[in-house]
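Since the structure comes first, as structure tokens, the remarks are kept for the end.
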């Protein structure tokens, strides 16, 4: 410990030195668009389930109506939650992963993120298969750019889930 | 304007040159008559939070009015890779000596 260091520390008592940060925010470097794609699949699935749900007719029993309400409520709650998860995952990629250099190479990123967030909101507010599909498409397009920035090619294949929608996957070497 | 200003270091993207808890004396006149050069240690205003200061190394000079900065430990550093180049006027000064 040098004399000047002790002097600087002593000066801190009179007037604290401002802090120069060597970094802030932990740049953990761990990102993956799969969370957003998965959440979008769930939203699509929930809309499908809601549309397949048989509505109780005039002659339905109270038990049938209760059963219907219970199922519908659960599907809607899950749709709400996963629309928000998808939006949040896209925000994380946008805010923390993508850099100005990426936007220069892929100028469509702006529009895609905007589309994902808007269709995510719409999918949440309404029972709209179109909005859910738009959300999934936007997350797929973002995933495709994400993997390109990582130096991986992608393949588009049917997802192995009940939604069976086309999904972008990285081709790991 | 007095040329020297002292800063206390926090965080570890500049290890081992600067450790958390070190003090640095910064020369605010260093770039009055000559531009920064690659490799200089500088204190700059954080482009994303102007009331904060960052200490980084000049990694590139894209033109006469801007610098790019980087931490010595790339994987632990938020720098020009995320916030882009920094205008020269945002440089507080060049690190003159380190006190430890």
Mean Cβ count within 10 Å, highest first, over the residues of peptides B:34-42, A:37-45: A:37-45, B:34-42
Residue A:6-residue A:104 FRET efficiency (beta carbon distance; Förster radius 51 Å; 0.05 resolution): 0.55
Ranking of B:46, B:75 by count of other Cβ atoms within 10 Å, fewest first: B:75, B:46
Relative packing of peptides A:82-88, B:21-27 - highest average C-beta neighbours within 10 Å first: A:82-88, B:21-27
Linear extension gain, residue A:30 paired with residue A:68, 0.36 nm per residue minus alpha-carbon span: 9.5 nm
Listed peptides A:128-138, A:58-68, B:59-69 by packing density, highest first (mean Cβ within 10 Å): A:128-138, B:59-69, A:58-68
Segment A:36-170, relative contact order in percent, only Cα pairs under 8 angstrom and at least six apart counted: 28
Partner chain coverage, peptide B:45-56 - average Cβ within 10 angstrom: 3
Fewest-first sequence of A:104, A:148 by Cβ atoms within 10 Å of each Cβ: A:104, A:148
Burial ordering of B:72, A:12, fewest other beta-carbon atoms within 10 Å first: A:12, B:72
Cβ neighbours within 10 Å from other chains - mean over B:3-13: 5
Simple label model, 7 Å out from Cα along Cβ direction - residue A:80 to residue B:37, nm: 6.3
Bins of 5 Å, starting at 0 and running to the largest distance - Cα pair percent for the protein assembly as shown: 1, 6, 11, 12, 12, 10, 9, 8, 8, 7, 6, 5, 3, 2, 1, 1, 0, 0, 0
Rh (Kirkwood; distinct C-alpha pairs) - chain B, Å: 13.4
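A short reminder: the numbers here are calculations on the coordinates, not readings from a lab. Fair warning: this is a prediction, and the values are worked out from it, not measured in the lab. Cβ sites come from the backbone with ideal geometry, for glycine too, and all protein chains shown count toward neighbours.
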